[in-house]
Amino acid sequence: MSPLDVTTLNQKFAIPGQLKFTEDVNGLIIACIANEQAQSTISLQGAHVMTFEPVGEKPVIWLSPAAKLVRGKSIRGGVPICWPWFGAHATDSTFPGHGFARTVPWQIVASEVLSDGSTRITFELPQSSIPVAQWPHACQVRSIVTIGKEMTVELITENTGQMMFEIGEALHTYFAISDVNKIRITGLEGCTYLDKVGDWQRRTQAGAVTIAAEVDRLYVNTDSDCLIVDSGHKRCIRIAKRGSLSTVVWNPWVEKATKMGDFGSDTGYCGMVCVESANAAENCVEVPAGATHSLHVTYSIEKTQ
Ligand code: BG6
C-alpha cells in the first residue's frame, strides 16, 4: 500500500476538534493534535514527534528553530525513531546512522480518542519503506503515540518471518530545557557507560549527570526512570520506560553543534538535552520468529519549587 495523500488521510483518520493532517511546503504530511490536555505535531516521515506541549506548560520536546523538514533527511529535534540499529551499522558503514526508519514515510493505521480524552495515533512502517538490502527480514513495525497530559510512545517490532533477527533501537528524544547549565539528570547513578567522547571507554557514573562540555554516553543495563531536574523551569521531566536496557545522554556542546549547522544560533545547544530510551551495544534485542518486542516510554512533567 502506498502512503495516502493528505485529503484521504483527513477523510479516514481526522478527528473533529482533535486531529487533522496538513502538508508542509516540502510535501511532508504532519499530524496536528490539539485536545484539552496538550498539543503535538508529528511528521509521517519517520513517525517523528516534533512537538509536545501540555496545556499551560512550556514545550517538553525541543525542536531546533533551524530544523529542516526535507524528504529523506532526519529532523533535528523531536523524537527521532532509531531502528533497526542504533548509531553506525555494525558491518556496513554506507548504511545510514541510526537506521533508516527515521527518514522514510510511515503510514497511519488507526486514530482514536481514549476514555481520558487523550488522542492516540498508530503508525506503521510500510514494506515499501524498508530497503531490503539493509534489512532483509520480514517484520511489522508500529509506533503508537498517545498525546494527553503525558506523552507515551510505544515502538513495537514483530518478527513475522521464520528466522530470529536482532535489532538496536532508540527513541532519540530531544528535551526542551531552560539552560543546560541548570539541569541535572538523575536515575543513572552507579551505571556503567560507554563514553563516546572518551574513545568508547567503559566508565561508572558518579552521582547525577551534569553537563559542562560535549557529552555522548551510552549507559548499559539500566531500566531505571530518568528525571531531568530543571531548576530554571522549576520542573522535572520524568522519562519512564519499559523494554529498554540502555539510556543515551547526548549534548553536542558548542563546537559540534556549530558544525552540524542545524541547531539554530550559536547557543542553540544550551536549550536541549537528549535522553534516549534505547537498546544498543550489548543490549541489542534478539527477536525470535513469531515474537514481538515492545519499547514503551512515558514522558511527564512534575512541578518543583
Ligand atoms: C546520539 C549519538 O544518539 O545521536 C551521537 O550518541 C550523535 O553520537 C547524535 O551525534 C545525533 O545523531 P544524528 O545522526 O541525528 O546527527
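Values in this text are rule-based calculations from the coordinates and carry no lab data. Please read all numbers here as calculations on a predicted model, not as lab measurements. When we count neighbours, we look across all protein chains shown, and the Cβ atoms used for this are built from the backbone with ideal geometry, even at glycine.
Within the set of other residues whose C-beta is less than 12 Å from the C-beta of Val285, count the net charge using Lys and Arg as +1 and Asp and Glu as -1. Charge balance near Val285 sits at -4.
Exactly which trypsin sites (Lys or Arg not before Pro) in the stretch 1-71 are in a DSSP loop and have at most 14 other Cβ atoms within 10 Å?
Lys68, Arg71
Based on C-alpha pairs under 8 angstrom that are at least 6 apart in sequence, the chain has a relative contact order of 17 percent. The residues neighbouring Arg242, those whose beta-carbon lies less than 12 Å from its own, together hold a net charge of -2 under the Lys/Arg +1, Asp/Glu -1 convention. Charge dipole (Cα centre; +1 on Lys/Arg Cβ, -1 on Asp/Glu Cβ; no other charges) of the stretch 111-168 amounts to roughly 100 debye. Taking a straight Cα-Cα cut-off under 27 Å and skipping sequence neighbours fewer than 8 places away in the same chain, the lysines within cross-link reach of Lys259 are Lys68, Lys73, Lys182, Lys196. Under a Gaussian network description of the chain, with springs only between Cα atoms under 10 Å, the residue in Ser43, Ser265, Ser246 that fluctuates furthest is Ser265. Radius of gyration (Cα atoms) of the chain, expressed as a multiple of 2.2 N^0.38 Å: 0.96.
Sites listed here are chymotrypsin sites (Phe, Trp or Tyr not before Pro) in the stretch 188-285 whose DSSP assignment is loop and whose Cβ has at most 16 other Cβ atoms within 10 Å: Trp200. Peptides 203-213, 145-155 ordered by packing proxy, namely the average of other Cβ atoms within 10 Å per residue, highest first: 145-155, 203-213. Spatial offset of the stretch 112-162 relative to the stretch 211-226 amounts to 25 Å, using the alpha carbon center of each.
Sites listed here are GluC sites (Glu not before Pro) in the stretch 18-75 whose DSSP assignment is loop and whose Cβ has at most 16 other Cβ atoms within 10 Å: Glu36, Glu57. Each Lys or Arg adds one and each Asp or Glu subtracts one; over the other residues with Cβ under 14 Å from the Cβ of Asn159, this totals -3.
Which one, Phe165, Val55, Ala280, projects farthest toward the positive side of the charge dipole computed for the chain from Cβ point charges (K/R +1, D/E -1)? After comparing all options, I get Val55.
The dipole here belongs to the stretch 6-303: it is taken about the Cα centre, uses +1 on the Cβ of Lys and Arg and -1 on the Cβ of Asp and Glu, and is about 420 debye. GNM remark for the chain: springs join alpha carbons under 10 Å apart, and the peak mean-square fluctuation among Pro80, Pro16, Pro131 falls on Pro16. Here Ala66 and Thr204 are evaluated by their C-beta separation; at R0 = 25 Å the FRET efficiency comes out at 0.10. Cα centroid separation, the stretch 246-305 to the stretch 1-69: 20 Å. Only Cα pairs within less than 10 Å get springs; with that Gaussian network setup on the chain, which residue of Val180, Val275, Val70 has the largest fluctuation? In the Gaussian network model the winner is Val70.
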